[in-house]
Structures are given as structure tokens and as C-alpha cells.
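The values are calculated or read from the model by the stated rules, or taken from the named source; none is laboratory data. This structure is a prediction, so every number in the text was calculated from the model and none was measured. Don't worry about glycine lacking a Cβ; one is built from the backbone with ideal geometry, like all the others, and counts go over all protein chains shown. With ligands, DNA and RNA removed, areas are computed over all heavy atoms of the protein, side chains included. Shrake-Rupley method; radii C 1.70, N 1.55, O 1.52, S 1.80 Å.
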Amino acid sequence: MLSVWNTVKGHGDVYYDSVTMFAFLLLAARHLDTRLKARFDLSSALLAALPDTALVETGTDRVATPLDAVPIGTRVWVPAGAQVPLDGHVVSDVAELDESALSGESAAVKRAADSAIHAGALNVGPGFAMTTSAPRAKSRMASIAALAALGMTASSTLVLLNASRLLQSSHYPQPFDRTARGVVTPSAL
């Protein structure tokens with residue numbers, strides 16, 4: 001407001017460049033925050049898209065069992081076109097998987113017997129057998145979703161911290177005063 005008044009009067013300091021810079025930085029931070037939230041929402045959606053059951057092999061039968069009830073070391077069948085339900089190791093000769101949800105790599109990979117595989121990978125080859133090595137809550141996909149949730153809560157704190165640093169290094173009035181003991185208190189505006 002002062003800059004507009006000084007422009008009309010024809011003398012005094014104007015701060016259009018400072019206001020423009022502040023608006024640009026604020027919009028850029030909001031744009032980045034929105035893009036990151038969309039990326040993290042995708043990883044949470046991938047965790048939610050995991051199958052609810054695994055085809056546990058019991059002798060000659062395959063029984064659909066809830067993932068939380070499948071113990072470590074259980075032999076599980078992954079049919080063609082299905083997602084790997086839990087982290088584990090390949091028992092069959094080979095497994096052809098699309099791991100793009102986990103690594104971003106779009107090319108299918110072949111995993112040999114005893115190779116580690118992770119929940120969320122898509123079986124693009126014939127069905128194969130695997131043994132589980134971790135419960136659902138400790139799978140790689142669950143870790144990705146947990147990091148995404150942490151990133152979403154931490155990003156708000158980082159944005160506020162960086163905005164505070166920006167304000168402290170500029171010509172704007174300070175919203176906080178430091179007392180002699182180093183305690184930060186709200187200033188009278």
C-alpha cells in the first residue's frame with residue numbers, strides 16, 4: 001500500500017520487486033507441494049491396491065487367505081496378471097515381473113529362483129510359486145506408503161520453516177521478537 005502511495009506522490013521507496021518475488025516464491029512452493037502430494041497419494045493408492053488375499057498352497061490345493069493371516073515362510077501361488085501379495089522369494093524357476101510401481105522402471109524384469117521379490121510387483125509372465133519373507137505391514141510397499149505419509153506431514157513444517165527464514169531475511173516486519181533469554185515471543189503488530 002505504501003508503494004502505491006509513494007508512486008502516486010512521485011517520491012519515496014517502492015517495493016514492487018519485493019512483493020513480486022515473495023508472491024512468486026510462495027506460488028512456486030505451493031506448486032511443488034501440490035506435485036509432491038499427488039506423487040505421495042499415488043504410493044498410498046498403490047498400497048491400497050494390493051490384493052486382500054494370497055493363494056496359499058496347501059498340498060495340492062490353493063486357498064485364498066487374508067494377507068494378515070499368512071505367516072512368514074508360507075508358499076504362495078501368484079497367477080498370471082496378478083500382483084505379488086507379499087514380499088518374498090521366487091520358488092519357481094523364473095518369474096517375470098513389472099516392478100514399475102516400486103522402482104519406476106517400465107521394463108519387465110525376470111527373477112530367478114531364490115531371488116527376492118516385493119509386494120506390489122505385477123506378474124506379467126506365467127504363474128509362479130513364492131515363499132513369503134515379511135508380513136504385509138513390513139513389506140516394501142508399506143514402507144513406501146509410510147514414508148509418503150511422513151513426507152506429507154513433514155512438508156508442511158518445512159514450508160513454514162522456510163517461509164519464516166525468508167521473512168527474517170527480507171524487509172518485512174518481523175512476526176516474532178527474540179527476548180534476551182532467546183525465547184521467541186509474538187510481537188505486537
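Any idea how far apart residue 58 and residue 5 come out in nm if each label point goes 7 Å out from Cα toward Cβ?
Placing both labels 7 Å along Cα→Cβ, they lie 8.2 nm apart.
Determine the gain in length on full extension of the stretch residue 37-residue 131; use 0.36 nm per residue of separation and subtract their C-alpha separation, reporting nm with one decimal. Can you show the working numbers first?
Working: separation 94, 0.36 × 94 = 33.84 nm, distance 3.42 nm.
Net length gain for the segment: 30.4 nm.
Set the Förster radius R0 to 35 Å, insert the Cβ-Cβ distance between residue 103 and residue 24 as r into 1/(1 + (r/R0)^6), and round the FRET efficiency to 0.05. Mind showing how you got there, number by number?
Numbers: r = 35 Å, r/R0 = 0.99.
The calculated FRET efficiency here is 0.50.
Would you rank 89, 31, 118 by solvent-accessible area, highest first, keeping every protein chain in place and using a 1.4 Å probe?
Details: 89 70, 31 105, 118 40 Å².
So the residues, ranked largest to smallest area, are 31, 89, 118.
For a quick size check, give me the Cα extents of the stretch 69-145 along its three principal axes, largest first, whole Å.
Projected onto the principal axes, the Cα atoms of the stretch 69-145 cover 30, 27, 19 Å.
Report, to the nearest whole %, how much of the accessible area of the stretch 66-133 belongs to carbon and sulfur atoms, 1.4 Å probe, protein only. It would help to have the intermediate numbers written out before the result.
Numbers: 1570 of 3040 Å².
Solvent-exposed carbon and sulfur of the stretch 66-133 make up 52 percent of the total.
So what's the Cα pair-distance distribution over the stretch 1-136, bin width 10 Å, in %?
11, 30, 19, 9, 8, 8, 8, 6, 1, 0
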